[in-house]
Amino acid sequence: MNGPRKLFVKSFGCQMNVYDSRRMADTLAPEGYVETATAEGADLVILNTCHIREKAAEKVYSELGRVRRLKEAAAAEGRQLVVAVAGCMAQAEGEEIIRRATMVDLVFGPQSYHRLPELLARAKRNGTAVDTEFPADDKFNHLAAPDPIAIRARGVSAFVTVQEGCDKFCTFCVVPYTRGAEFSRPVAKILAEIEHLAEAGVREVTLIGQNVNAYHGEGPEGGPCSLARLLERVAQIDGIERLRYTTSHPRDMEDDLIAAHRDLPQLMPQLHLPVQSGSDRILAAMNRRHTRADYLDIVRRLRDARPDLALTSDFIVGFPGETESDFAATLSLVNEIGLSGAFSFKYSPRPGTPGADMDDQIDEATKSERLQRLQQVIERDQAAFYRSCLGRTFDVLFERPGRHNGQLTGRSPYLQPVQVDAPLRLIGGIATVIITEVGSNSLFGTLTQANAQYPSSESALLPAGA
Ligand code: SAM
Ligand code: SF4
């Protein structure tokens, strides 16, 4: 084969998939594959899928229709376009995907992507290949480290998977079936990966996992290490100035993790802590293993530890058996907490989960109506939070050139995009900014006087061509 082959990976769903997609590209780089930004002209297209709600799976089939047309056009030009479906939907549906979409060459689950070169060879030999095993060996031991140029292209902020899978078995959720049992990576491996990222200019790391605060990987002394202790170790890495973690389960919000929000200045004052419902009856039916009072107690302790903490959450409306008064309890919980934002979803029955077989499924119209009412309250609180940022001074981590000439886009400690007039050399640096204007989803600000001759950080991550 002459010249590099073009790879296009499209991620659906959560941040775990974004991380996995990057590692797939890293695994294929030594095979001569170079990532491209569009599917047009690619030699290999991978759709890294999500199965969490029915809508997520529908999106993939409609994308496959578009890719089929590209494959036909490539064949007409005498080129071969290989199509792969990866991720949680691949794990759940396996060969069924090839039956429904016959142009798919390769199907592989989230535990198999380190074997991609071998799977591609198998698909070439046999026409198709399917791999949805949960292998006994740890895929993380086999993944190629990203090239520093690839790290730079991906920016100053990186996700790092530290934990995968889930043993909680919430009755609505497919994750324990698609991602398998809970697994934590050893501390030494995670630190080595983050040191490598920091050397290439990464300044902010988000530790990710389906249930990240259940983390209990092997520590330096051999015993299990908690997420709080892991965060402490990561905070000591030169160059890492900001830390986050997601997604957490309330049940695993241990005292040492709450204390880390008080003690670790690198840990940003923002936490995503899904609650799902405000009704104890529904929380029990969901097998969430916490009550409304437990959740409120955790929020109180977190805010005692870190008074400026902003909280976001996830909600499901219309879980089987949810009455108007259960839903009213969810609305009252939102009112009681004061969130800075939230994701909210209509319950989607997933095949194979206990919720799908429960009596009292709620009709679509009721789900839609409740979702709309919930979103109004969430939007009201999010707008209030954004308004409260006006006039405040934030440390902003600059990520890339902004919308207009002379502008940069950065992130506030609360992950809000901030547009600021600032020189390109500040990309990869943190500077203090006064917020002068507030939009519905972004902030605008000016560098403070103290930053006027910001000399300290030569940009580590100028984008290519800047
Ligand atoms: N591990 C996290 C937790 O403990 O809440 C959440 C993981 S899940 C990928 C992200 C969100 O999707 C959940 O918090 C939940 O709100 C939503 N979700 C999961 N299954 C769902 C379903 N069957 N229908 C609707 N929403 C669902
Ligand atoms: Fe799914 Fe999260 Fe519950 Fe695990 S804890 S089953 S990932 S919702």
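The values are calculated or read from the model by the stated rules, or taken from the named source; none is laboratory data. All values derive from a computational prediction rather than experimental measurement. Here the Cβ is made from the backbone with ideal geometry for all residues, glycine too, and neighbour counts use every protein chain on show. Only protein heavy atoms, including side chains, enter the accessible area calculation; ligands, DNA and RNA are left aside. Shrake-Rupley method; radii C 1.70, N 1.55, O 1.52, S 1.80 Å.
Here are the numbers for the structure shown:
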quantity	calculated
J(HN,Hα) series, segment 5-21, from Karplus relation 6.51 cos²θ - 1.76 cosθ + 1.60, nearest Hz, glycine and proline x	9, 9, 10, 10, 10, 10, 9, 10, x, 7, 5, 4, 5, 4, 4, 4, 4
Among Ala56, Ile362, Leu283 - extreme Cα towards positive end, dipole of the chain, charges at beta-carbon	Ala56
Per-residue SASA entry for Thr393, accessible area with 1.4 Å probe, Å² rounded to 10	80 Å²
Fraction of antiparallel bridges per DSSP, the chain only, in percent to nearest 5	35 percent
Cα-centred dipole magnitude for segment 194-287, charges only on beta-carbon of K, R (+1) and D, E (-1), debye, nearest 20	400 debye
Computed [θ] at 222 nm, deg cm²/dmol, the chain (DSSP H ≥ 4; -39,500 (n - 2.57); rounded to nearest 500)	-10500 deg cm²/dmol
Selected from Ala384, Pro401, Pro413, residue furthest toward positive end of dipole (segment 370-416; charges at beta carbon)	Ala384
Interchain or long-range residues, amide H under 5 Å from Ala342's placed H	Ser313
Average accessible surface area per residue within the chain, 1.4 Å rolling probe, Å²	43 Å²
Under 5 Å, built H, 5+ apart or other chain: amide partners of Tyr33	Arg5
Estimated vicinal HN-Hα couplings, Hz - segment 269-278 in sequence order (Karplus 6.51, -1.76, 1.60; Gly, Pro = x)	x, 8, 9, 9, 10, x, 10, 6, 7, x
Antiparallel bridge percentage (DSSP; both residues within segment 150-258; nearest 5)	25 percent
Largest-first principal axis extents of the Cα set of segment 312-358 (Å)	35, 22, 12
Rg to Rh, two decimals, where segment 336-402 supplies the alpha carbon set and Rh follows Kirkwood	1.18
Computed lengthening from Glu324 to Gln372, 0.36 nm per intervening residue step minus Cα-Cα distance	15.9 nm
In Hz, Karplus ³J(HN,Hα) per residue of segment 293-303 (6.51, -1.76, 1.60; θ = phi - 60°; x = Gly, Pro)	5, 4, 4, 5, 5, 5, 4, 5, 5, 5, 6
Longest to shortest principal axis, alpha-carbon extents of segment 34-162, angstrom	39, 33, 31
Calculated SAXS-style log₁₀ I(q)/I(0) at q = 0.16, 0.17, 0.20, 0.24 Å⁻¹ - segment 253-321, Debye, Cα scatterers	-0.59, -0.65, -0.82, -1.03
Segment 266-349 - charge dipole about Cα centre, Lys and Arg +1 at Cβ, Asp and Glu -1, debye rounded to 20	200 debye
Tensor-based shape of segment 1-50 (alpha-carbon gyration tensor, a/c under 1.5 rounded, otherwise prolate or oblate)	oblate
Using a Förster distance of 60 Å, the FRET efficiency for Ser440-Arg5 (Cβ separation, nearest 0.05)	0.90
In Å, descending, principal axis extents of the Cα set of segment 152-196	40, 24, 12
The chain pair-distance distribution - Cα-Cα, 10 Å bins, rounded %	4, 18, 27, 28, 18, 4, 0
Where no second cysteine Cβ lies under 4.7 Å, the cysteines concerned in the chain	Cys14, Cys50, Cys88, Cys166, Cys225, Cys389
Entries in Lys168/Lys346; Lys6/Lys189; Lys124/Lys189; Lys55/Lys189; Lys139/Lys367; Lys71/Lys189 that, when Cα-Cα distance is taken, lie over 28 Å	Lys6/Lys189; Lys124/Lys189; Lys55/Lys189; Lys139/Lys367; Lys71/Lys189
Computed magnitude of the charge dipole of the chain (debye, nearest 20; Cβ of K, R +1, Cβ of D, E -1)	1000 debye
Accessible surface of segment 307-365, 1.4 Å probe, proportion on carbon and sulfur as whole %	56 percent
Potential extension, His142-Asn126 segment - 0.36 nm per residue separation minus Cα distance	3.3 nm
Contour excess over end-to-end distance, with Cα ends at Thr448 and Glu218 and 0.36 nm allotted per residue	78.4 nm
